[in-house]
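Encoded as C-alpha cells, the structure appears first; notes follow it.
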Amino acid sequence: MTTNIDTKRLIVIVGATGSGKTDLSIALASYFGAPVISTDSRQIYRSIPIGTAQPTAEQLAAVKHYFIATHDLTQDFSCGEFEEQASQLLEQLFQIHDTVIAVGGSGLYIKALCEGMDDLPKADTGLRMQLNRRLRNEGLQSLRDDLQRLDPEYYAIVDCNNPSRVLRAVEVCMQTGGTYTALRKGMQHKRNYDIVKIGIDMPREELYDRINRRVEMMIANGLEHEARKVYHLRHLNSLQTVGYRELFEWFDGSITREEAIELIKRNSRRYAKRQMTWFRRDEDIHWFPYGDTDAVTEYLSSVLHL
C-alpha cells in the first residue's frame with residue numbers, strides 16, 4: 001500500500017497461535033515508537049495470563065499495550081463492542097502517534113477493527129433460549145451438525161470448539177433463512193487511516209513443533225494452577241478456550257492429566273490451522289518468514305515513506 005506521509009497508519013500483525021506475533025509487535029512498536037492494541041479475544045481477560053499467552057511483564061513495560069487483562073472473566077465482550085471501543089481508542093492514539101500496531105490471532109476482531117462489523121440481525125430471544133437449551137441438553141456437536149448443514153463455508157473456518165460462535169452462526173442462519181457467510185460479506189466501512197497487514201509465515205511442521213513446546217512451557221509455568229483457580233467459572237464463555245476446557249475435563253475425572261496435555265497440543269494445532277485458513281483468504285496481508293524482522297521493517301519503511 002502506498003500512503004501519504006501525513007496519513008495515520010495502523011500496522012496489523014497476524015498469524016497462527018505460537019508463530020511469534022508478540023515478539024514482532026514489540027520490535028515494530030519500539031522501532032516506530034508506537035503503542036500496541038491487542039486483537040486477541042481472550043487476552044482481554046484477567047486471571048488467565050498463562051493460557052492466553054499474554055505479553056510478559058517486561059514486554060508490557062517496554063511498550064504501552066491496550067486490551068490486555070482489561071475485563072473480568074464474567075464480562076461478555078463482543079466483536080461489536082471491541083470495534084466500538086478500539087475505534088474510539090484509535091482516534092485518541094492518532095492524536096499523539098502517527099503509527100499504531102495491532103496484533104492478534106482473532107480473525108473476527110481484526111476484521112471488526114479494519115472493516116467494521118457486518119449488519120447482522122439482533123438475537124431473537126426465543127430462538128436463543130431454544131438453542132441454549134439444546135447446547136446444554138444435547139451438547140455442542142448437535143449445533144455443529146446444524147452449522148455444517150446450514151453454512152458449510154463458515155463451518156470450515158469457524159472455531160468449532162467455541163460454543164458462542166457456533167450458536168450465533170446457527171442462530172443467524174435460522175433467523176434469516178440464508179447463510180452466516182453471506183451476511184458477513186457486507187460493505188467495508190471506510191477508515192480514515194491507512195492499514196498495512198503483516199502476516200508471519202512458518203512451515204507447518206515448525207509451527208506445530210513450536211505449539212507443542214509452548215504448551216509444555218505453559219504447563220511448566222503454572223497453567224494447571226491457573227485453571228484450578230477459575231474452575232468454578234468453567235461455564236463462562238470466556239473460559240471456552242483451548243487449554244482450559246481440556247484441564248477442566250481432567251479435573252472432572254473424564255480424562256487423565258497426560259491426555260489433557262496431549263489434547264491441548266492437538267486442539268492448539270487445529271486452531272492454528274483454522275487461523276491460517278482464515279488469514280490466507282485476505283489478499284491484503286503481506287507475508288514474511290518468521291524471525292525476519294529486518295525485512296518487515298524495511299518493507300514498512302518503504303511503503304510508509306519513512
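The values are calculated or read from the model by the stated rules, or taken from the named source; none is laboratory data. A quick note: this is a predicted structure, and the numbers were derived from the prediction, not measured. All Cβ positions, even for glycine, are placed from backbone atoms using ideal geometry, and neighbour counts span all protein chains on display. Ligands, DNA and RNA are stripped out before the accessible areas are found, and what is left, the full protein with its side chains, is counted by its heavy atoms. Shrake-Rupley method; radii C 1.70, N 1.55, O 1.52, S 1.80 Å.
Here are a few things to note about the model shown:
- The listed residues are 123, 69, 156, and the only one of them that is at positive phi and open to solvent by 20 Å² or more (accessible area, probe 1.4 Å) turns out to be 69.
- The one condition in (1) within 18 Å of the chain's Cα centre (by Cα); (2) farther than 16 Å from residue 49 by Cα; (3) charged (D, E, K, R); (4) not in a loop (DSSP other than H, G, I, E, B) that residue 159 fails to fulfil: (4)
- Restricting attention to the stretch 237-279, the residues being among the basic types (Lys, Arg), within 19 Å of residue 104 (Cα to Cα) and either open to solvent by less than 10 Å² (accessible area, probe 1.4 Å) or touching a Phe, Trp or Tyr at 6+ places or on another chain (Cβ under 6 Å) (or both) number 1.
- A residue that is in contact with a Lys or Arg (Cβ under 6 Å, 6 or more places away or on another chain), modelled with pLDDT under 95, of a type in the set (Ser, Thr, Tyr) and surrounded by 14 or more Cβ atoms within 10 Å (Cβ to Cβ) can be found somewhere in the stretch 188-196.
- Taken residue by residue, the stretch 97-113 has at least one member that is modelled with pLDDT of 95 or more, of a type in the set (S, T, N, Q), open to solvent by less than 30 Å² (accessible area, probe 1.4 Å) and not in a loop (DSSP other than H, G, I, E, B).
- Complete set of residues in the stretch 69-92 that are free of Cβ contacts under 8 Å to residues at least 60 places away in the same chain and under 17 Å from residue 243 (Cβ atoms): 69
- Checked against (1) surrounded by fewer than 15 Cβ atoms within 10 Å (Cβ to Cβ); (2) in contact with a Phe, Trp or Tyr (Cβ under 8 Å, 6 or more places away or on another chain); (3) touching a residue at least 12 places away in the same chain (Cβ under 8 Å), residue 176 passes all but condition (2).
- Scan of the stretch 57-66 for residues that are open to solvent by 20 Å² or more (accessible area, probe 1.4 Å) and in a loop (DSSP other than H, G, I, E, B), ordered by number: 64
- Of the residues examined, residue 270 is one that is part of a helix (DSSP H, G or I) and without any contact (Cβ under 8 Å) to a residue 24 or more places away in the chain.
Let's see how each residue does on (1) under 23 Å from residue 169 (Cβ atoms); (2) modelled with pLDDT under 95; (3) part of a loop (DSSP other than H, G, I, E, B):
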{"residue": "1", "(1), (2), (3)": "no, yes, yes"}
{"residue": "55", "(1), (2), (3)": "no, no, yes"}
{"residue": "83", "(1), (2), (3)": "yes, yes, no"}
{"residue": "89", "(1), (2), (3)": "no, no, no"}
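- Check on residue 305, farther than 27 Å from residue 242 by Cβ, in a loop (DSSP other than H, G, I, E, B) and open to solvent by 30 Å² or more (accessible area, probe 1.4 Å): yes
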